[in-house]
Amino acid sequence: MKRVLLLIDIQNDYFPGGKMELSGSAGAGEKAGVLLAAFRSRDLPVVHIQHVSIRPGSSFFLPDTEGVQVHASVQPREGEALFQKYYPNSFRETPLLEHLRRLEARQLFIAGMMTHMCVDSTVRAAFDLGFACSLAHDACATRSLSFGNIVVPAEYVHASHIAALHGIFCKAATVEELCAGL
């Protein structure tokens, strides 16, 4: 089964000092770096996804800013694919699907940010497209959300999305567990 690592939106604006800092982004970035090193050491393909905001009024991931750049923890190397996207789903209006088909990919290992938005959208789309997905839940980060008078802490947002994805849409596991299975 051809395995490909998909790193979604691990970008500077999500880290401390960025314009949309996520809860646990530094730790998640480190874990994503461990998974990336495991794929590189086995000469397995890696795809980096970079979100660039084109939405009017956006305050982060703005073109030509330091915040839009891929974070140092998972810096792409020459020869690794890097696709820009403008929507939460990494497949929408990008060459990702065609690239994965050229690679004859069957299984995606996924890590990234934000769990409740771009990671969730991409995992569900990948499942619908026929890929087996393994999600490194400790290499993902999100933020607190609110609806009405209810504030949902980031750890609950993260846990609820991982719980909803695990089992049907993906196998959620730690980076350590995923690396052991490579």
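The values are calculated or read from the model by the stated rules, or taken from the named source; none is laboratory data. Keep in mind the model is a prediction, meaning the values are calculated, not measured. Neighbour counts run over all protein chains shown; Cβ positions are idealised from the backbone, glycine included.
Checked against (1) among the β-branched types (Val, Ile, Thr); (2) under 13 Å from the mean Cα position of the chain (by Cα); (3) surrounded by fewer than 14 Cβ atoms within 10 Å (Cβ to Cβ), residue 122 passes all but condition (3). For beta carbons closer than 7 Å, sequence separation of 6+ or different chains, a first residue in the range 48-63 that is within 19 Å of residue 111 (Cβ to Cβ) and a second that is assigned to a loop (DSSP other than H, G, I, E, B) and small (Gly, Ala, Ser), the qualifying pairs are 49/90; 61/53. Within the range 135-155, the set of residues being hydroxyl-bearing (Ser, Thr, Tyr), assigned to a strand (DSSP E or B) and surrounded by fewer than 18 Cβ atoms within 10 Å (Cβ to Cβ) comprises just one member, 146.
Yes/no matrix, rows are residues, columns are (1) touching an Asp or Glu at 6+ places or on another chain (Cβ under 6 Å); (2) buried (at least 24 other Cβ atoms within 10 Å of the Cβ); (3) at negative phi; (4) in a helix (DSSP H, G or I):
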site	(1), (2), (3), (4)
4	no, no, yes, no
7	no, yes, yes, no
13	no, yes, yes, yes
20	yes, no, yes, no
27	no, no, yes, yes
34	no, no, yes, yes
40	no, no, yes, yes
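Which of the residues that make up the range 135-166 are among the β-branched types (Val, Ile, Thr) and either in contact with a strand residue (DSSP E or B) (Cβ under 7 Å, 6 or more places away or on another chain) or modelled with pLDDT under 95 (or both)? Listed by number, the residues that qualify are 142, 152, 157, 162.
Yes/no per residue for (1) outside any strand (DSSP E or B); (2) in contact with a strand residue (DSSP E or B) (Cβ under 7 Å, 6 or more places away or on another chain); (3) among the hydroxyl-bearing types (Ser, Thr, Tyr):
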position	(1), (2), (3)
105	yes, yes, no
117	yes, no, no
125	yes, no, no
133	no, yes, no
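Considering each residue of the range 57-80 in turn, none proves to be surrounded by fewer than 19 Cβ atoms within 10 Å (Cβ to Cβ), part of a strand (DSSP E or B) and of a type in the set (Phe, Trp, Tyr).
This table checks each residue for (1) under 14 Å from residue 5 (Cα atoms); (2) β-branched (Val, Ile, Thr); (3) in contact (Cβ under 8 Å) with a residue 24 or more places away in the chain.
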{"residue": "90", "(1), (2), (3)": "yes, no, yes"}
{"residue": "94", "(1), (2), (3)": "no, yes, yes"}
{"residue": "98", "(1), (2), (3)": "no, no, no"}
{"residue": "126", "(1), (2), (3)": "yes, no, yes"}
{"residue": "156", "(1), (2), (3)": "no, no, no"}
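Yes/no matrix, rows are residues, columns are (1) of a type outside the set (D, E, K, R); (2) touching a strand residue (DSSP E or B) at 6+ places or on another chain (Cβ under 7 Å):
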residue: 10; (1), (2): yes, yes
residue: 15; (1), (2): yes, no
residue: 45; (1), (2): yes, yes
residue: 58; (1), (2): yes, no
residue: 89; (1), (2): yes, no
residue: 98; (1), (2): no, no
